[in-house]
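Here's the structure we're looking at; comments come further down.
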Amino acid sequence: AYVSDTVAPADRARALGWLSAATAAGFMMGPAIGSAATALGRAAPGLIASGLCLLNVLAAWRFLPESRRADATPPRRRPVWHAAWEVVRHPSAPAARLTWIYGVGMLAFSLLTSVLALWLEARFEVTAATIGYFFVYTGLLSLVMRSLLLGPAIERLGEVGAMRLGTVLLAIGLLLYPAAPTVWVLAAIIPLVPIGTALLFPATTSLLSEAATQGELGTTMGVAQTFAGLSRVVAPIVGTIAFQRLGVDAPFLLSGCVVAGVGYVAFRHVRPAPRPAPVP
């Protein structure tokens, strides 16, 4: 919401890509720092994480200004629960549809992440000592995609086109995971997932910010994050049940089918906004 408040609509997808690139960098560096910190004791990773969180709070308080002008009159907003209920009641509304795409897409991606360590151990005997390499590899791919390639992709494809392509690549990547016979083949398949998510989520978030009702941008973005948060809660439960009862590959096949459904909605029901007529 802060990025959407402070960045022009034409540049939002690129800016949101940079924001998620920072997340990808943390995703890549965190496991490495945590593994190194265990040499200082079992409590060290948690203490370092707490210190980084405190540093983050202090940096935001010191360097992050309020996005709303001081003389602006605060708009009247609906309660957040009301906005969330509207997404459930009217799923075909433009903002609601994008919220569902974001939340269900996050559910599918979280199905992958929730069982990835178990799956790597079951299929390729990857251990706690070597799994960090997979996270670093994935994080590096995501960082490069979101910081360097997302902007040109948005300029060439548009936000809707990037979102659609993201669903295709993510679905293919998830469905191909179980087909990998070796770790090296898996390494060739893995890039489809970070590339797909790098296109899907920032583009959807940018479109959602444009579809939000004036004065309710923060509420709309908050509802989308609420749906994404619920997905992250549900995904590990569904993923581990599928892993244990349907087979180790089941979570990937399930998540791939879920993303394919999201892609159908993106192709069938989301249309690019009309371009403004050129000024003579």
Unique residue being among the polar types (S, T, N, Q), within 25 Å of THR226 (Cα to Cα) and within 17 Å of the chain's Cα centre (by Cα) when the list is SER114, SER147, SER92: SER114
From ALA122, ALA153, residue being at negative phi, buried (at least 17 other Cβ atoms within 10 Å of the Cβ) and not acidic (Asp, Glu): ALA153
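Name the single residue that is surrounded by the most Cβ atoms within 10 Å (Cβ to Cβ) among those in region 202-221 being among the β-branched types (Val, Ile, Thr) and assigned to a helix (DSSP H, G or I).
Top of the filtered list is THR204.
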GLY247, sole failed condition from (1) under 20 Å from ALA83 (Cβ atoms); (2) part of a loop (DSSP other than H, G, I, E, B): (1)
Residue under evaluation ALA224, criteria (1) surrounded by 18 or more Cβ atoms within 10 Å (Cβ to Cβ); (2) on the phi > 0 side of the Ramachandran plot, criterion not met: (2)
Yes/no for ALA10 being surrounded by fewer than 18 Cβ atoms within 10 Å (Cβ to Cβ) and at pLDDT 70 or above: no
Options ALA96, ALA24, ALA83; residue that is assigned to a helix (DSSP H, G or I) and modelled with pLDDT of 90 or more: ALA96
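The values are calculated or read from the model by the stated rules, or taken from the named source; none is laboratory data. No experiment lies behind these values; they were computed from the predicted model shown. All Cβ positions, glycine included, derive from the backbone under ideal geometry; neighbour counts span all protein chains shown.
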